[in-house]
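Just below is one structure, and these are the notes that go with it.
Nothing in this text is a laboratory measurement; each read-out follows from the coordinates by a stated rule. Not measured: the values here are computed from a predicted model. As a convention, Cβ positions derive from the backbone with ideal geometry for all residues, glycine included, and neighbour counts pool all protein chains shown.
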Protein chains: 2
Amino acid sequence: MREFILYSRLGRTNSNFENLHDGGRLDIVHECIISSLFLSHGIRKNVVFHAVLNGPPSPPLHLEIEGEYLRDVRTDIHTWHKILKRVLSGRNHPGVSLCKTGFEALLRAKAEKSEIYVLEEGGKDIAETEISANPVFVLGDHVGLPRKAEIFALRYGMKISLGRIPYLAASCITILNYVLDLQSKTTK
Amino acid sequence: MREFILYSRLGRTNSNFENLHDGGRLDIVHECIISSLFLSHGIRKNVVFHAVLNGPPSPPLHLEIEGEYLRDVRTDIHTWHKILKRVLSGRNHPGVSLCKTGFEALLRAKAEKSEIYVLEEGGKDIAETEISANPVFVLGDHVGLPRKAEIFALRYGMKISLGRIPYLAASCITILNYVLDLQSKTTK
């Protein structure tokens, strides 16, 4: 299993938005969902994506998307605009769930069973890091992790880095999936 | 310099579309533009992205986006909906150009100065390939390269592969950029 946790500073916590960009950059959440879970014509069943939404009006909310159970989806933004609106207004979509958990409680729960890795430019080079079998990666949005969340995350995990180039959050996830794909290929 | 050429089978060749998805999957073109050219808070000035649009009503059209000259952009789909509408209706945007060149003529011109790599699952593993200094990568959209275009491209270039996992076109570009970033780091 692979898990990604996106800390979304401003992601809106109800369904009152015109478009995902104006919903506190839920467009970044959409991009990260696609890069976590989607292959060409397929879904990664071994991936769970989490976003902790910290925007108004009632933060925090924990959005969880499980590849194994995700159905009736495409990659485009219109599809995800509808799904996120739906879920944020209290309705259901297979594989997508929402609860009132905050970042710290989520991380504490994950740390009990999995190795936590916090993505930071100054961290240990991923090429020199042996990633455990069930990793959980923590990423910030376009503004980065808030200092307090970073300090908290590092109580449970280690900093890793993809190098000095500041990639988009969704690109980081694509690269992490690729690096893990290569690792699982060589261990087979 | 790095260049990416996306062969878009159905990308619409005028501005008559409601949204990018319905414009012959111009949403895939948008995703590939972002993964080619955008870093967190920055643009890759050493990248040129090309899409050859082969959809109705007047194919082919060659869309070219040069990182060095691109201005006034964000990553979100609304921004690119506007830019593509604008350019496809004959107006300008800095760094974005459009002309009547088709795939074969574009490839022939590129092959004069650059090494061409055609991305295919069955190609040579990129980890075992030394990529030249000014590579041009050719990719298909969600349906893949048409057979005729592939045969033509292979007259000028070699097949390379990212492995057996069928990544989305935009993910392939993100991974290629990452692999090239690593290579340029080790040669410095």
Using a 10 Å cut-off around each Cβ of peptide B:167-179, what is the average number of partner chain Cβ atoms that fall inside?
6
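With the contact rule set at Cα under 8 Å and sequence spacing of 6 or more, what percent relative contact order holds for segment B:24-78? Before the final figure, lay out each step's value.
Working: 57 pairs, mean separation 17.1, N = 55.
The normalised contact order for segment B:24-78 reaches 31 percent.
Around A:GLY55, what is the net charge, scoring Lys/Arg as +1 and Asp/Glu as -1 over all other residues with Cβ under 10 Å from its Cβ? Could the numbers behind the result be given before it?
Values: positive: A:ARG9, A:ARG12, A:ARG25; negative: none.
Local charge sum for A:GLY55: +3.
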Expressed as a whole-number percentage, the relative contact order of chain B with C-alpha contacts under 8 angstrom and at least six residues apart is 25
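Find the relative contact order for segment B:93-178 and round it to a whole percent, using C-alpha pairs within less than 8 Å whose residues are 6+ positions apart.
With pairs under 8 Å counted, the relative contact order is 38 percent.
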Name the residues whose placed amide hydrogens come within less than 5 Å of the amide hydrogen of A:GLU115, ignoring near sequence neighbours (fewer than 5 apart) on the same chain.
A:ASN134, A:VAL136
Using a label position 7 Å from Cα in the Cα→Cβ direction, what is the ascending list of nm distances from B:LEU154 to the same site in the other copies?
5.1
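So what is the calculated 222 nm ellipticity per residue for chain A, using -39500 (n - 2.57) for each DSSP H run with n of 4 or more, over all residues, to the nearest 500 deg cm²/dmol? The partial results should precede the final answer.
Numbers: 5 runs with 61 residues, N = 188.
Estimated from H runs of four or more residues: -10000 deg cm²/dmol.
Report the FRET efficiency, 1/(1 + (r/R0)^6), for A:THR129 and B:ASP22, where r is their Cβ-Cβ distance and R0 is 41 Å, rounded to 0.05. Provide the component values of the computation, followed by the final result.
Numbers: r = 43 Å, r/R0 = 1.05.
Plugging the Cβ-Cβ distance into 1/(1 + (r/R0)^6) gives 0.45.
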Other-copy label distances relative to A:ASP22, 7 angstrom Cα-Cβ extension, nm:
2.0
Please turn the phi angles of segment B:165-171 into ³J(HN,Hα) values with the Karplus equation 6.51 cos²θ - 1.76 cosθ + 1.60 (θ = phi - 60°), one per residue in order, whole Hz, x for glycine and proline.
8, x, 6, 4, 3, 5, 5
Springs between alpha-carbon pairs under 10 angstrom, Gaussian network model over chain B: which of B:CYS99, B:CYS172, B:CYS32 fluctuates most?
B:CYS99
For each pair in A:LYS113/B:LYS124; A:LYS45/A:LYS82; A:LYS110/B:LYS159, compute the distance between the two Cα atoms and list the pairs where it is over 32 Å.
A:LYS113/B:LYS124; A:LYS110/B:LYS159
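Per the Kirkwood treatment, what hydrodynamic radius in Å, one decimal, follows for segment A:102-188 from the mean inverse distance over all distinct Cα pairs? Present the calculation step by step, with values, prior to reporting the outcome.
Details: mean 1/r = 0.0744 Å⁻¹.
One decimal place: 13.4 Å for the Kirkwood radius.
What is the average number of partner chain Cβ atoms found within 10 Å of a Cβ in A:31-40? Can you show the working numbers first?
Working: counts 7, 0, 0, 4, 7, 0, 0, 4, 5, 13.
Partner Cβ neighbours, averaged per residue: 4.
To the nearest whole number, what is the average tally of beta carbon atoms from other chains within 10 Å of the beta carbons of peptide B:142-148?
Counting Cβ atoms of other protein chains within 10 Å of each residue's Cβ and averaging gives 1.
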Specify the inter-centroid distance of segment B:115-188 and segment B:66-111, based on alpha-carbon positions, in whole Å.
21
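In the P(r) worked out for segment A:35-86, what percent of Cα pairs fall beyond 19 Å? Before the final figure, lay out each step's value.
Values: 409 of 1326 pairs.
The answer is 31 percent, as a whole percent.
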List the residues, sorted by chain then number, that are 5 or more residues from A:LYS159 or on another chain and whose placed amide H is less than 5 Å from its amide H.
A:VAL118, A:LYS124
From the backbone phi of segment B:177-185, what are the Karplus-calculated ³J(HN,Hα) couplings (6.51 cos²θ - 1.76 cosθ + 1.60, θ = phi - 60°) in whole Hz, Gly and Pro given as x?
4, 5, 4, 5, 4, 5, 5, 6, 5
Here the alpha-carbon Rg of chain A over 2.2 N^0.38 Å rounds to 0.97
Label-point separation in nm, A:SER58 to B:LEU182, each point 7 Å along Cα→Cβ:
4.5
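Ordered by packing density, taken as the mean number of other Cβ atoms within 10 Å over each peptide's residues, highest first, how do A:122-134, B:50-62 rank?
The packing order, highest mean first, is B:50-62, A:122-134.
Quick one: grab the alpha carbon gyration tensor of segment A:96-152, order the square roots of its eigenvalues as a ≥ b ≥ c, and give me rounded if a/c is under 1.5, else prolate or oblate depending on whether a/b is larger than b/c. Numbers along the way, then the final one.
Working: a/c = 2.01, a/b = 1.25, b/c = 1.61.
Since a/c reaches 1.5 but b/c is at least a/b, the shape of segment A:96-152 is classed as oblate.
Suppose we take every Cα in the protein assembly as shown and form the convex hull; what volume per residue is that in Å³? Before the final figure, lay out each step's value.
Values: hull volume 51.0 nm³, N = 376.
So the per-residue hull volume is 136 Å³.
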Can you compute 3J(HN,Hα) from phi for each residue in segment A:142-159, using the Karplus curve 6.51 cos²θ - 1.76 cosθ + 1.60 with θ = phi - 60°, rounded to whole Hz and x for Gly and Pro?
4, 9, x, 5, x, 3, 5, 5, 5, 4, 4, 4, 6, 5, 10, x, 10, 7
Chain A: angle of helix A:26-37 to the longest principal axis, Cα-based, in degrees nearest 10
50
